[in-house]
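Where a number appears in this text, it was derived from the coordinates with a stated rule and is not lab data. Just so we're clear, the structure is a prediction, and the values are computed from it rather than from any experiment. A quick note on method: Cβ atoms are made from the backbone with ideal geometry, for glycine too, and the neighbour counts reach across all protein chains shown.
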Amino acid sequence: MRSAIRCLMLLAIAWWSCPSGWAEAEVPSPPPEAESALPPDQVDETATPVLPVASRGRLHQVNELLQREDFDTAEKMLRGLMAEHPEVLPIQQILSSVLIKQRRYDELTMLFEQQLADHPENFQVLNNFAWYLATATEPERRDARRALALAQDAVLIAPGSYHVWSTLAEAHYLNGNFDRAMRAMRQCLDLATRMQAGPEAIATYQQQLQKMQEAAVVMSLLE
């Protein structure tokens with residue numbers, strides 16, 4: 001989780017320094033078994049203005065605080081930045097990772113709901129929320145039906161992103177739709193390979209597919 005937060009920070013800082021944004025900037029999804037992990041952490045909100053230099057400096061300070069695991073101070077700074085720049089979605093994404101690290105799932109759910117209300121057609125918001133609902137560490141926080149609906153919406157909006165296919169596969173897996181899960185996962189792997197996602201991401205997706213294949217075999221034996 002620490003490395004995922006660091007990747008988020010580096011991407012966000014670099015992206016906010018460039019007026020055009022990083023339409024293709026992506027961080028590989030963490031393993032399915034990761035603690036309530038957020039998969040894409042993509043920075044793709046091209047309508048967002050560039051942060052002022054002073055705000056970017058504070059974001060660098062947040063990065064240093066996160067490396068020291070001073071989450072309380074980092075959260076205070078992030079919430080201050082959110083108040084000043086409520087339209088900048090990546091700040092909220094970083095805060096999401098902090099809340100996950102602290103296991104503050106009620107607040108995390110509220111943050112996701114607010115993001116969804118503010119950005120109902122942003123595939124990253126849909127995808128992150130769907131992944132959380134499909135993989136939350138505490139089973140009672142999972143919502144199989146809603147995770148699937150959100151993941152399907154994300155795929156319809158951004159079918160060229162391999163991250164959304166990974167999330168759709170996980171949502172189908174949670175719903176017991178193992179054949180559909182495997183088809184979605186193969187699509188994810190195909191896109192990830194063609195887009196040169198990197199060996200670590202490919203290995204993660206292969207493990208995800210293997211989990212689904214094993215579940216399908218077990219289910220066939222029980223039928």
Quiz item: Quick one: 85, 163, fewest Cβ neighbours within 10 Å first, how do they rank?
Solution: 85, 163
Practice problem: For the stretch 54-111, state which GluC sites (Glu not before Pro) are in a DSSP loop and have at most 11 other beta carbons lying within 10 Å of their beta carbon. | Solution: 69
Quiz item: Once the piece of chain linking residue 138 and residue 217 is laid out straight, how much longer is it, given 0.36 nm per residue of separation minus the C-alpha distance between them?
Solution: 25.8 nm
Exercise. Taking the Cβ of residue 57 as the centre, find all other residues whose Cβ is under 14 Å away and add up their charges (Lys, Arg: +1; Asp, Glu: -1).
Key: 0
Practice problem: When a/c is below 1.5 the answer is rounded, else prolate if a/b is larger than b/c, else oblate, so apply that to the stretch 134-223 with a ≥ b ≥ c taken from the square roots of the Cα gyration tensor eigenvalues. | Solution: oblate
